[in-house]
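> Okay, handing you the structure first.
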Amino acid sequence: MALRLPLRWCILVLLALSLTIVMSPKDALGTWQSPPASIDRILDAPLPPAVTISPNQKWFVSVKRPPLVPVEELAAPKIAIAGLQINPQTRTPANHYTFGQLEYRSLESLAKPTTPNLPKDARLGFFKWSPSGDRLAFTITQETGLALWVLDLPSGETRRLTEPILNATYGAPCQWLPDNEGLLCKLAPSNLALPPEAPLASGPLVEENLGRTAPARTYTNLLKNPHDEALFEYYLTSSVEQISLEGDRKPLFSPQLVDEVTPSPDGEYILLETLHRPFSYQVPVSRFPRNVQVYDRAGQPVYDVADLPLADNIPIQFGSTRAGRRWVSWRGDRAATLCWIEALDGGDAGRAADKRDALFELNAPFSEEPQLLWQSQYRFDEVLWGRDDVALVWEWWYDNRLQRLWRINPQETSFEPQLLVERNYQDRYSDPGRPLTTLGEYGERVLRFAPDGESIYFEGRGASEEGVYPFLERRNLMTGETERLWQARDPYYERIATILDDRAVEFVTRRESQSEPPNYFLQARDLSKAAIANSQERIQLTDYEDPAPLFEQVRKEIIQYERADGLPLSATLYLPPGYDRDRDGPLPALFWVYPQEFKDVATASQIDTAQNTFSRPAGFSVLFLLLQGYAVVDDPALPIVGEGEKEPNDTYVQQLVMGAEAAVKEVARRGVIDPKRLAIGGHSYGAFTTANLLAHSDLFRAGIATSGAYNRTLTPFGFQGEQRDFWEARQTYIEMSPFTYANRIDEPLLLVHGTDDSNIGTYPIQSERLFEALKGLGGTARWVQLPYEDHSYRGRKNVGHVLWEILQWCDRYLREE
């Protein structure tokens, strides 16, 4: 009798065999290895909780972040369709990240944190604050799906509102109605039958294109056949119901392919976006046809907003978008006013146009003509509503890296838009930060105004030539004048989490230093007026511990140097705990890299790394090498600059090598790193960079490349910062591909890739083909495939194994002189 194994076990066997092929006999074939015990302990250490502050600034909520997940959890069944990976049992994204124990405390009374009554080991997710800010809805993942729960903060009471019936396969499953009315939720229909297994093919699959231009980047997990289409319809079909705070259910919309369902701020109308055929095998679900309609609360149609066709022909130039009404939403400062964007250039960033986008609005009951509020010279980016006469809108453009921030008057369209900020968005030193918001009249986030009614608040990162020091600033919208109200000071890196009053007197910050882990504090800017003035200047809200005390003695320094052409560069240099140059001498080191494209040398030379941050490793961070006696040069600046009409990537290789040479020269000059014992490594685009530096230089003795892409002919319609296609920039694509120069990679190269990588352009076949090329050319290479992992790595065993691989590789090729 033949033994029949489940499909999942067959896949496990095949994966184990694939690992066996590339490992040498001494490596305990096909098994996970662990790094040294000191690293293992840190991998299992509790992580600092995640924090959310209520939009009314009254409640401080923290939830435990789980450590790395068991590989068995990663191996849960998943279905890859239309650019998505879905867990079919729970109707969530595959490997949906969930949180643990929840605690909350009042920012007014400052009582001790309270733990509400929830099921033991509950897996929480999809948090949504209510419009008032006094209730928090969330899901709990159960074996068969998501259940909806709500926490009432004033009373501390929790309540389960549904069984595990929510559908979160595509977007958040629930949105709040006005507080006492509950939530609108997408539910998995109970009467749909799972499509039967695909039958034997009745013939070939045929697609054709009759002269129509429809470029597409290298998307993953797309639909492949009619059975995939049936699965897509089954898993993304939802009914929509109103769930009351008592758990009562009121059906509103029959089962259909629901994308989003959003109530108006006053709760009187519902904006429903649905997907429909024809689907595509070339682009993901975000490009599928969609219908956008407004309904009343009884579920009756009120206004047809748009019926958008399949968007499979959007040009690849950055800044291109779909034609028609897009970004349809509600104004947060009005009861029921629709707003949307329409492309004036057909959505084609390559087309010459005086105006690119237009912002429209339409008030309930949606019987008038839409009103034009603003037109942009460049591509619309974002709008923040404030009140009838104030909104902020951003526009941007990739070719010149320009960003503009405007004040508009939605109430009086004859008001000339006022330009508040115009800057190169890569210019970190001129970044004005982000406007702070508060709850508006209808429970939505709106701009927070100062008492004068003409000023708003910005919080920013604060990068400058002196360092990175976050700030709080007040900006007058009429005069443009700014006033710096607060700024972080040495030895701390501290950022505003929220301000608690319209005068910005009291606020919550997240503070850390090189020696102190991040914690949250309530503090006052003006002690004479602050409610906490009579107690103390700063009240600590959390007390997170150092998860890796072994790193207390690690030395961290931002070093500065120049490229051969005079361009100033920087890097972060880490030295092992207790390192003494006179005693220990020059160390072997790993450079961990990720280049970036710029359009001018001024922004390319800026420093955006904060000296005062608390640096502890997580995941497969190469900082773990510090515990094994290695130095680490993290993110050495490798700017690829193309000024004016020049494209950065046309001189990519030359600039890349020049930047790496400058970094190696600087650390060698300092006498702490041995230039003869260096490795180069990186993840994703950094892995691509690693292979290129091995192919075009002799600076490094070994390389480590994780989840990279190496042959740019496999990404012919653009990649990273390159918006030209292969046929426009054939030579650039070829010269940038390290696969082209695999015969020049004469240093050992470790290749690591997740078997389920869904990132655009980094198919696992990229690593497979480079390994095969190196093997065929007689190179030294090792190829490690991580079962069930996506572009980033989350499995505990996989992460531990990657660290073991990196350490083994460095020990093998850097320890000897």
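> At most 16 other Cβ atoms within 10 Å and a DSSP loop assignment: could you name the chymotrypsin sites (Phe, Trp or Tyr not before Pro) in the stretch 53-142 that fit?
Y97
> How large a share of the accessible area of the stretch 520-636, in percent, is made up of carbon and sulfur atoms when the probe is 1.4 Å and the other protein chains stay in place?
Details: 2140 of 5040 Å².
Of all accessible area on the stretch 520-636, carbon and sulfur atoms account for 42 percent.
> Pop out the ³J(HN,Hα) list for the stretch 562-572 in order, Karplus 6.51 cos²θ - 1.76 cosθ + 1.60 with θ = phi - 60°, rounded to Hz; leave Gly and Pro as x.
Result, rounded to whole Hz: 10, 6, 4, 8, x, 6, x, 10, 8, 7, 9.
> Next up: Run through the stretch 240-304 and list the chymotrypsin sites (Phe, Trp or Tyr not before Pro) located in a DSSP loop whose Cβ has at most 14 other Cβ atoms within 10 Å.
Y281
> Please give the peptides 619-627, 193-201 ranked by average Cβ packing (other Cβ atoms within 10 Å per residue), highest first, as a rough proxy for protection.
On the way: 619-627: 22.1, 193-201: 8.9.
Answer by packing, highest mean first, reads 619-627, 193-201.
> Take the cross-link list K58/K556; K64/K556; K64/K665 and give me the ones stretching past 32 Å between alpha-carbons.
Among K58/K556; K64/K556; K64/K665, the Cα-Cα distance tops 32 Å for K58/K556; K64/K665.
> Can I ask one more? Taking the Cα-to-Cβ direction at D427 and at D490 and moving 7 Å from each Cα, how far apart do the two end points lie in nm?
Each label point is offset 7 Å from its Cα along the Cβ direction, giving 2.7 nm.
> When Lys and Arg each count +1 and Asp and Glu each count -1, what net charge do the other residues less than 12 Å away from H696, Cβ to Cβ, add up to?
-4
> Run the reach check for K186 against lysines, Cα to Cα strictly under 19 Å, same-chain hits fewer than 8 apart removed. What comes back?
K128, K250
> Per the 1.4 Å probe, what fraction of the accessible area of the stretch 691-817, in percent, lies on carbon and sulfur atoms?
That share works out to 47 percent.
> Continuing with the same structure: For K676, go through the aspartates and glutamates and keep the ones whose alpha-carbon is under 17 Å away, minus same-chain ones fewer than eight residues off.
D584, E661, E666, D698, D746, E747, D811, E816, E817
> Can you give the net charge of the other residues whose Cβ lies under 15 Å from the Cβ of E143, counting K and R as +1 and D and E as -1?
Details: positive: R91, K120, R123; negative: E72, E73, D121, E163.
In short, -1.
> More than 15 angstrom separation, counting every C-alpha pair in the stretch 137-207; what % is that?
I get 65 percent for the Cα pairs in the stretch 137-207 exceeding 15 Å.
> Right, next: Using a cut-off of 13 Å between beta-carbons, work out the net charge of the residues near S286 (Lys and Arg +1, Asp and Glu -1, S286 not included). Before the final figure, lay out each step's value.
Details: positive: R217, R287, R290, R322, R326; negative: D259, E260, E273, D312.
Net local charge, S286 excluded: +1.
> What accessible area per residue comes out for the stretch 75-125, rounded to a whole number of Å², with a 1.4 Å probe?
Working: 2390 Å² over 51 residues.
Accessible area per residue, the stretch 75-125: 47 Å².
> State the Cα centre-to-centre distance between the stretch 138-200 and the stretch 711-733 in whole Å.
42
> Of K599, K120, K775, which has the most accessible area and how do the rest follow, probe 1.4 Å?
Ranked list, largest accessible area first: K120, K775, K599.
> Would you please give the FRET efficiency between T609 and A201, computed as 1/(1 + (r/R0)^6) with r the Cβ-Cβ distance and R0 = 56 Å, to the nearest 0.05?
After rounding, the FRET efficiency stands at 0.55.
> In the stretch 479-638, what percentage of the DSSP-assigned beta bridges are antiparallel, given to the nearest 5?
85
> Given the peptides 179-191, 666-678, arrange them by the average over their residues of other C-beta atoms within 10 Å, most packed first.
Highest-to-lowest ranking by the protection proxy: 179-191, 666-678.
> Keeping all protein chains in position, work out how much accessible area S132 exposes to a 1.4 Å probe, and write it in Å² to the nearest 10.
40
> Sticking with this structure for a sec: What nm value, rounded to one decimal, do you get for the distance between L372 and E545 when each label is placed 7 Å out toward the C-beta?
Taking the two extended label points, one gets 6.4 nm.
> Leaving out same-chain residues fewer than 8 places away, which aspartates and glutamates sit with a Cα under 12 Å from that of K224?
E207
> Tell me, what HN-Hα J-couplings in whole Hz come from the Karplus equation 6.51 cos²θ - 1.76 cosθ + 1.60 at θ = phi - 60° for each residue of the stretch 473-485, using x for Gly and Pro?
Calculated HN-Hα couplings, in order: 9, 10, 10, 7, 6, 7, 9, x, 5, 10, 9, 7, 8 Hz.
> Now for a separate question. Might you work out the accessible area of D121 for me, using a 1.4 Å probe with all protein chains in place, and round it to the nearest 10 Å²?
130
> Here's a follow-up. Percent relative contact order of the chain, based on C-alpha pairs within less than 8 angstrom and at least six residues apart?
It rounds to 9 percent for the chain.
> I need the helices of the chain that pass two filters: whole DSSP H segments spanning 24 Å or more by Cα along the axis, and mean Kyte-Doolittle score no lower than -1.0.
Going by DSSP H runs, the hits are 652-670, 796-814.
> Using a Förster distance of 30 angstrom, determine the FRET efficiency expected from the C-beta separation of R670 and N476, and round it to 0.05.
The pair R670/N476 has a calculated efficiency of 0.05.
The values are calculated or read from the model by the stated rules, or taken from the named source; none is laboratory data. Treat the numbers as computed from the prediction; the structure is a model and nothing was measured. A quick note on method: Cβ atoms are made from the backbone with ideal geometry, for glycine too, and the neighbour counts reach across all protein chains shown. For the accessible areas, the whole protein counts, side chains as well, though only heavy atoms, and no ligand, DNA or RNA atoms are used. Shrake-Rupley method; radii C 1.70, N 1.55, O 1.52, S 1.80 Å.
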